[in-house]
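Undergrad: The structure under discussion is supplied below as structure tokens; questions concerning it will follow.
The values are calculated or read from the model by the stated rules, or taken from the named source; none is laboratory data. Predicted model only: the values in this text are computed from it and were never measured. Here Cβ is always computed from backbone atoms with ideal geometry, including for glycine, and neighbour counts include all displayed protein chains. Only protein heavy atoms, including side chains, enter the accessible area calculation; ligands, DNA and RNA are left aside. Shrake-Rupley method; radii C 1.70, N 1.55, O 1.52, S 1.80 Å.
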Amino acid sequence: DPSQNMISVGREKVKARGLDEVVSLQIGDARKLSGLKDNEYDAATMAFGIRNVPEKDEALCEIWRVLKKSDGDDSDNSSINSKLAILEFSEPGHDTGILGALARLFIRHIVPVMGAALSGAPKEYLHLQNSIKEFPSPTEFKALMEGVQCTANTATIAAGKDGEEGVKSMTGAFMVDEIRQMNFGSVQLYVATPYVNTER
């Protein structure tokens with residue numbers, strides 16, 4: 001998270017649960033995951049955050065870079081087992097019926113008023129309403145995840161004499177495995193697998 005206040009609150013919660021030796025929270029930018037190695041992590045999650053990232057494609061490609069994935073020599077990418085899970089708000093579509101319409105009404109009008117009254121921070125809740133309204137629909141966000149053009153360079157060691165080191169460039173994106181609809185279509189869980197393009 002880029003916010004020191006959010007990290008501080010999170011660290012207190014982690015400490016209260018006795019997990020401070022296991023969980024490390026760091027200030028960072030989703031668009032540039034400095035210090036995190038390529039092809040290293042089994043999973044990445046983001047809850048109610050991607051909506052606030054202007055360059056969503058950059059953030060997705062940074063997550064793609066650090067997640068474990070096939071090196072492209074596996075023609076069906078069968079060795080991939082890492083996952084990305086993104087939980088995010090969106091306005092329920094018009095195909096969600098009366099409950100979706102009520103959820104839209106709730107997000108547009110009740111959340112800002114209640115949030116402002118209870119928190120004393122009306123600007124933040126107006127931002128929340130606007131950012132939800134402007135976030136892509138589930139179909140559009142799935143297309144973004146599957147349409148990004150991610151690239152990473154990885155060090156390789158060639159077999160044979162002297163085991164010479166080289167650099168291999170990989171490209172790829174995400175395959176969205178599931179979009180789980182929640183809260184009458186106002187929240188979605190996107191579960192995706194990173195893959196490497198196999199074309200030579």
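Undergrad: All but one of (1) surrounded by 15 or more Cβ atoms within 10 Å (Cβ to Cβ); (2) on the phi > 0 side of the Ramachandran plot hold for Ile86; which doesn't?
TA: Status for Ile86: all satisfied but (2).
Undergrad: Please determine, by comparing only the residues of region 176-189 that are part of a strand (DSSP E or B) and touching a Pro at 6+ places or on another chain (Cβ under 8 Å), which one is nearest to Gly49 (Cα to Cα).
TA: Out of the qualifying residues, it is Gln188.
Undergrad: Within region 127-142, which residues are over 13 Å from Arg108 (Cβ atoms), polar (S, T, N, Q) and in a helix (DSSP H, G or I)?
TA: Correct list: Thr139 only.
Undergrad: A follow-up question, please. Taking the residues in region 94-144 that are small (Gly, Ala, Ser) and in contact (Cβ under 8 Å) with a residue 60 or more places away in the chain as candidates, determine which candidate is surrounded by the fewest Cβ atoms within 10 Å (Cβ to Cβ). Quick ask: steps written out before the conclusion?
TA: Taking region 94-144 and keeping what is small (Gly, Ala, Ser), we get 97, 100-101, 103, 115-117, 119-121, 131, 137, 143.
Narrowing further to those that are in contact (Cβ under 8 Å) with a residue 60 or more places away in the chain: 100, 103, 131.
Details: Gly100: 19, Ala103: 18, Ser131: 13.
Going through the qualifying residues, I end up with Ser131.
Undergrad: Check Ser75, Ser24, Ser34, Ser8 and return the single one that is farther than 15 Å from Thr193 by Cβ, outside any loop (DSSP other than H, G, I, E, B), among the hydroxyl-bearing types (Ser, Thr, Tyr) and modelled with pLDDT under 95.
TA: Criteria check complete, one pass: Ser8.
Undergrad: Let me ask something else about it. It is to be established whether one or more residues within region 146-154 are modelled with pLDDT of 85 or more, closer than 27 Å to Glu40 by Cβ and assigned to a helix (DSSP H, G or I).
TA: yes
Undergrad: In region 159-176, how many residues are open to solvent by 80 Å² or more (accessible area, probe 1.4 Å) and either modelled with pLDDT of 95 or more or of a type in the set (S, T, N, Q) (or both)?
TA: Total satisfying the criteria: 1.
Undergrad: So, in region 38-56, of the ones that are in contact with a helix residue (DSSP H, G or I) (Cβ under 7 Å, 6 or more places away or on another chain) and open to solvent by 30 Å² or more (accessible area, probe 1.4 Å), which residue ends up farthest from Phe174 (Cα to Cα)?
TA: Filtering first and then ranking leaves Asn52.
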